[in-house]
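*Asks:* Below is a structure I'd like to ask you about.
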Amino acid sequence: MNGPVGAAHWRWTGSSATYSGWHQRLRRKRGPARARRCVSCGGQAAQWSLQPNVPEAWIQTDARGRRWACIVAAYAPRCQPCHLGLDATEVWRRGQPQLEQRARGSQHGMAKLTEEAVRAIRAAWTGRRGQLAELARQYGVWPGTIEFVVKKQTWTHVA
């Protein structure tokens, strides 16, 4: 690394680090989680996960409801299914409403189609030559997007 790190760095925030800042610090100190085994199932770890037995006094929460602790020992490597399962259990234990893991469909910030448009595309699809490009122009997306929609590789939650 170039330049000062930790408390010697001019932008050091100590224990008031943000969620992202703390996770960057964690990866720098312990390395990538994928280099380790999941502590829950023994499979390939993918993420650092906050341990369930961390005292509430150590926990910080941001406006989005993300929780973290500014203590390296509070984290263990977990695969994504175990991490998500643990998070769901923790949310249930605390009595908080479960947050959606990711936005789907038109609720996603990058969506160019709506659920109604997806239904219309699937209803209009006949497989005719040139129809992908035609529908893509009509809806302002790439032909590959239309292909994924009609093959139900995307927008799988829409009937």
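Derivation of every value follows stated rules applied to the coordinates shown; laboratory data play no part. Nothing here was measured: the structure is a model prediction, and the numbers come from that model. Virtual Cβ from ideal backbone geometry, glycine too; neighbours counted across all protein chains shown.
*Asks:* Along the Cα→Cβ direction, 7 angstrom out, place labels at THR126 and PHE148. What is the inter-label distance in nm?
*Replies:* 2.7
*Asks:* Scaled to the compact-protein estimate 2.2 N^0.38 Å, what is the alpha-carbon radius of gyration of the stretch 105-150, rounded to two decimal places?
*Replies:* Working: Rg = 10.1 Å, N = 46, 2.2 N^0.38 = 9.4 Å.
In units of the 2.2 N^0.38 Å rule of thumb, it is 1.07.
*Asks:* A follow-up question, please. Using 0.36 nm per residue of separation minus the Cα-Cα distance, give me the extension gain between ARG64 and GLU134 in nm, one decimal.
*Replies:* Fully extending the segment from ARG64 to GLU134 adds 21.2 nm.
*Asks:* Continuing with this model, one more query. Ranking VAL72, VAL149 by Cβ neighbours within 10 Å, fewest first, what do you get?
*Replies:* Working: VAL72 12, VAL149 23.
So the ranking, lowest neighbour count to highest, is VAL72, VAL149.
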